[in-house]
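Every read-out reported here was derived from the displayed coordinates using simple, explicitly stated rules and does not represent laboratory data. Quick caveat, the model's predicted, so the values are computed rather than measured. Cβ placement follows ideal geometry from the backbone for every residue including glycine, while neighbour counts extend to all protein chains displayed.
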Amino acid sequence: MSTNILVTGGAGYIGSHACKALAQAGYVPVTIDNLVYGHREMVKWGPFIEGDLANGELLRQVMRDHQIEAVMHFAAYAYVGESMEDPGKYFRNNVSNTINLLDAMVDCGVKHIVFSSTCATYGMPEHVPIDESHPQRPVNPYGESKLFIERALRWYDTAHSIRSVSLRYFNAAGADPDGETGEDHDPETHLIPLVIQTALGQREQVSIFGTDYDTPDGSAVRDYIHVADLAAAHVKAIEILPACNDSLFLNLGTGTGYSVKDVINAVERVSGRKVNTQEAPRRAGDPPLLVAQPGLAAEVLGWVPALSDLDSIVATALRWHERQLAGDPGYAGSQQQISG
Ligand code: UDP
């Protein structure tokens, strides 16, 4: 008999890769997505329900109708800048709606959840690499909303035996190596897609936010993790949950940092095209260096990143963006010059 996993936000960037990984591992991913940021055409590996997590009755109906065994919860808003301007939007969607989801799980007897958390729960790093015991002091409402849910999950475990694995991603990047899904944010704010779009002539230039950091080349350093590696970690988390005695909180990163300039060089190398850049001031709230201590996830999940070297990340993302640009049927996205 097949095992049905409810995937909230399964039409989004990381959620759609997780659906593919679940299907390949023999599960049926049942996507619920309100399509505010998700793309209907990225739901390819299982049933789709268009709906919002604000609708608790719908959640209960879906859990019962599809005999859901576990949940992967990706649905959330994730624009840090927007969260600073409109915190209520983030607390309503990322916090209240997740509580609805957890209450529906309690009512329907669904006991296992993998939660999409973030290194933004740590705030400004006090030491690097960042391990899971690093203090969690978010510096924006987005990180705060995710931390709130991590804390709520501990209490739902205590009160209702809902066991969870919270996965704190560092910088998700890259695209499905088979080209079946990829990153398509509107607006796009992430470095790697912006650099690639510049290489492909969709943008005139990319800004380097800060060239005077205390890092080897002066630009900011991040731990980029391939989205297919993230997806694989989620499947491992689903698989270990039945044997877990406690809820878990794990970093997902590689432990290796790359600077903004390293990323630009990699895109030029892999694409064979020049990327026009301009130096710009530091972006408010950006730490100079964010790198994971990834050992606990390796130990607990038996997971190590396989595709997260920078060239593989860039090559898979580049292929995805080229196909979008070519207007390949089944690929979401714009074919025009992108402003902003
Ligand atoms: N960045 C940049 N130019 C851009 C977008 C991002 O220099 O147009 C830098 C940003 O300041 C950060 C790194 O690239 O140091 C990664 O940013 P991204 O928004 O991709 O992820 P974040 O680390 O903010 O979650």
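Taken about its Cα centre, segment 185-237 carries a charge dipole of roughly 220 debye when the Cβ of each Lys and Arg holds +1 and the Cβ of each Asp and Glu holds -1. For residue 207, the residues whose modelled amide H falls within less than 5 Å of its own, excluding neighbours fewer than 5 places apart on the same chain, are 278. Under 14 Å from a label point set 7 Å out along the Cα-to-Cβ vector of residue 2, the amide N atoms of segment 56-82 belong to 66-69. Label separation (residue 67 vs residue 283): 4.5 nm, computed from points 7 Å beyond Cα along the C-beta direction.
Evaluated with a Cβ-only charge set (Lys, Arg +1; Asp, Glu -1), segment 166-260 carries a dipole of roughly 220 debye about its Cα centre, given to the nearest 20. Taking θ as phi - 60° and the Karplus parameters 6.51, -1.76 and 1.60, the scalar couplings of segment 291-300 work out to 9, 7, 8, x, x, 5, 4, 4, 5, 7 Hz in sequence order, x denoting glycine and proline.
Here segment 166-182 and segment 95-130 have alpha carbon centers that stand 18 Å from each other.
Note on the chain: Kirkwood hydrodynamic radius from all Cα pairs is 20.2 Å, rounded to one decimal. As I understand it, the value is the acute angle between the Cα axis of helix 227-240 and the longest principal axis of the Cα atoms of the chain; what does it come to in degrees, rounded to 10? Roughly 20 degrees, rounded to the nearest 10. Normalised radius of gyration (Cα atoms, divided by 2.2 N^0.38 Å) for segment 274-329: 1.68.
Between the Cα long axis of helix 310-325 and the first principal axis of the chain there is an angle of about 90°, rounded to the nearest 10. Three principal axis extents describe the C-alpha atoms of segment 79-165; from largest down they are 39, 30, 16 Å.
For segment 257-263, the Karplus equation 6.51 cos²θ - 1.76 cosθ + 1.60, evaluated at θ = phi - 60°, returns couplings of x, 10, 7, 4, 5, 4, 5 Hz by residue, with Gly and Pro reported as x. Between residue 137 and residue 246, residue separation times 0.36 nm minus the direct Cα-Cα distance comes to 36.9 nm. Paramagnetic label reach from residue 127 (point 7 Å along Cα→Cβ; backbone nitrogen cut-off under 18 Å): within segment 269-309, residues 289-297. Over the residues of the chain, the helix contribution to mean residue ellipticity at 222 nm works out to -11000 deg cm²/dmol, using -39500 (n - 2.57) for each DSSP H run of at least 4.
The count of lysine pairs in the chain with alpha-carbon distances below 23 Å, taking only pairs 8 or more places apart or on different chains, stands at 9. For residue 165, the residues whose amide H sits under 5 Å from its own are 113, 114, 115, 248, ignoring neighbours fewer than 5 places away on the same chain, with H placed 1.01 Å from N. Annotation: amide H-H contacts under 5 Å for residue 3 (H modelled 1.01 Å from N, sequence separation of 5 or more, or interchain): 28. For the pair segment 255-275 and segment 1-69, the centres of their Cα atoms are 34 angstrom apart. Taking 0.36 nm per residue of separation and subtracting the Cα-Cα distance, full extension of the segment from residue 207 to residue 50 would add 52.9 nm. Listing 119, 19, 244 from fewest to most neighbouring C-beta atoms within 10 Å gives 244, 119, 19.
A viscosity of 0.692 mPa s and a temperature of 37 °C, combined with the Kirkwood radius over C-alpha pairs in the Stokes-Einstein formula, give segment 37-117 a diffusion coefficient of 238 µm²/s.
Which one of 191, 54, 160 is farthest out on the positive end of the charge dipole of the chain, using unit charges on Cβ (Lys, Arg +1; Asp, Glu -1) and the Cα centre as origin? In the chain, that residue is 160.
Computed from Cα positions, the angle between helix 13-24 and the longest principal axis of the chain comes to roughly 60 degrees. For segment 166-174, backbone phi angles converted through the Karplus equation (6.51, -1.76, 1.60; θ = phi - 60°) give residue-by-residue couplings of 9, 10, 8, 6, 8, 8, 5, 7, x Hz, Gly and Pro being listed as x.
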